[in-house]
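The values are calculated or read from the model by the stated rules, or taken from the named source; none is laboratory data. Note that the coordinates shown come from a computational prediction; the quantities given were computed from them, not determined experimentally. Positions of Cβ are generated from backbone atoms using ideal geometry, with glycine treated the same way; all protein chains shown enter the neighbour counts.
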Amino acid sequence: MSTLLVLPIVVPLAAAAVSLMLWRRPGAQRLVGLVASTATSALAVAIVVGVDRDGTQRVTLGGWPAGVGIGLRADRLGALMLVVGSTMLLAVLVYAMGQRGADERSPWYPPTYQVLTAGVCAAFLAGDLFNLFVAIEMLLMSSYVLITLDGDDAQIRSGTTYVVLNVVESTLLLVAVSLVFAATGTLSLDLLPERLAALPDGVRLGLKLLLLISFGLKAAVFPLFSWLPDSYPAALSPVSAIFAGLLTKVGVYALIRTEVELMPGGTRTLLLVVAGATMAVGVIGAIAQDDMKRILSFHIVSQIGYMVMGLAIGGPVAITATVFYIVHHIPVKSSLFLVEGIVERSTGTSALHRVSGLASRSFPLALLFLVPALSLAGLPPFSGFVGKLAVIAAGVDAGSVALVVVALVVSLLTLVSMVKIWTGMFWGEDRRAGEPVRLDEPQAGVGVLRHHPVMAAVTTAVVVATVAISVAAGPLYRFAGRAAADLLGTT
């Protein structure tokens, strides 16, 4: 079983190498990528089943002693994130193939996407802090290419900001990892909790704050979020979808490791403030926008606040709620960006003031937006309601009344911003760019989804997955509880 841990990293890296050799054969590149991503998802499912049955799995590569060689580890949290992450990577890859945009036709897109997949998988399977740093660098370097693949002025401008701030984050993280090793003599996630606990309180707090800033910048928490709303909208829709769903969650995943497993306690008040500010600033920024892509990008920031809220509260109930919330949020946020991609592909814009009446042209497309939008706002019976209810209930139990009030108000404002997209883009008279659609145009009276069957099928599948999460909320929540128990050492 433990030997399987290597394959979700090796398979996409091997696929990236093969894709580079096939750079003049785009059809072969797509086939290699599809096979590799499907295999990675299947391996992730096998790993999560084995981990839930047999407990945490570990392997050290190259026959080196533990703590010296490259160590991989899969507990329930890492395995669950691996399944959700690899599945979404596969879905967005197929979506990009169906879009057949200039980015997907680039010979550099398939190998770069596979390197991104390997980086995400390596982050969730990292057995020590240095390997986590290397995994984050893998996904960051590939994201630099993907976010600027078109090479237009807007992408280069926003991509420069994205690169500079993430280089700063990488430098801080490397410094933090080096100091942790200097202070404890190890970077193993299995050994660090005990050794960090033995350090003087001041040293331990300093190391914790360094890691919090490093991973907080990656997770886009307040006040380290400013790079995200400008960078993600500039990328092409499939890239934005996977970035929105996954990349910030790698930062949140790292925060969970730091705040719950390695160095619990000591920053509760700070995290409560950060959580409330992240929620509030994100949703206020979303309401102020007039572009679907920018609204959704600001909501990434806002929803991260709920996850940090669970970390700040701490304890089995709050951590369980946080894990469930992350699992719910990844497909919900990705599906909204996939819908935005279809809208932009069909109309040439995602600006609310330039398009209206899409529901009359294609009610199924409107429904594909409505379901995850209501879930994001936390309305029953969708998965977002279960996640938000669990986090807010944990806040009530912990006596964090002020933060609970902020969370409820932000949830209401999230609904307001979703209604803004609905009324601006899907409701009303069928118009594009301020001009009525003529009846002799091919778009008039024809379902938008029929023009983009693969994109529509993938988006539908992801939206159905969000509904499946709400239907299977009980078993999934219990699994999240077991993952939280692993982190807290109460199993």
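Summary of values
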| read-out | value |
| --- | --- |
| Qualifying residue in region 353-361 (condition: free of Cβ contacts under 8 Å to residues at least 40 places away in the same chain, over 30 Å from LEU476 (Cβ atoms) and of a type in the set (A, V, I, L, M)) | no |
| The one condition in (1) out of contact with any Leu (no Cβ under 8 Å at 6 or more places or on another chain); (2) assigned to a helix (DSSP H, G or I) that GLN289 fails to fulfil | (2) |
| Any hit, region 169-177, residues being at pLDDT below 90 and within 25 Å of GLY310 (Cα to Cα) | yes |
| Residues that are over 25 Å from the mean Cα position of the chain (by Cα) and either among the aromatic types (Phe, Trp, Tyr) or assigned to a helix (DSSP H, G or I) (or both), drawn from region 335-351 | SER346, THR347 |
| Filter pass, LEU140 being in a loop (DSSP other than H, G, I, E, B) and either without any contact (Cβ under 8 Å) to a residue 40 or more places away in the chain or over 28 Å from LEU4 (Cα atoms) (or both) | no |
| Per-region count, region 58-95, residues modelled with pLDDT of 90 or more and either part of a helix (DSSP H, G or I) or among the polar types (S, T, N, Q) (or both) | 20 |
| Total residues in region 300-314, condition hydroxyl-bearing (Ser, Thr, Tyr) and farther than 19 Å from ILE242 by Cα | 1 |
| Qualifying residue in region 157-164 (condition: touching a Ser or Thr at 6+ places or on another chain (Cβ under 8 Å), aromatic (Phe, Trp, Tyr) and under 19 Å from LEU311 (Cβ atoms)) | no |
| Scan of region 262-298 for residues that are surrounded by 19 or more Cβ atoms within 10 Å (Cβ to Cβ) and of a type in the set (Lys, Arg), ordered by number | LYS293, ARG294 |
| Residue in region 313-355 that is nearest to MET292 (Cα to Cα), counting only those that are surrounded by fewer than 24 Cβ atoms within 10 Å (Cβ to Cβ) and among the basic types (Lys, Arg) | ARG354 |
| Contacts under 7 angstrom Cβ, first residue in region 219-235 being surrounded by 24 or more Cβ atoms within 10 Å (Cβ to Cβ), partner of a type in the set (Phe, Trp, Tyr), 6 or more apart | SER231/TYR162; TYR232/PHE243; ALA235/PHE243 |
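Per-residue answers, yes or no, for (1) of a type in the set (A, V, I, L, M, F, W, C); (2) assigned to a helix (DSSP H, G or I):
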residue	(1), (2)
HIS353	no, no
LEU368	yes, yes
ALA373	yes, yes
LEU379	yes, no
GLY384	no, yes
LEU389	yes, yes
ALA393	yes, yes
LEU413	yes, yes
TRP422	yes, yes
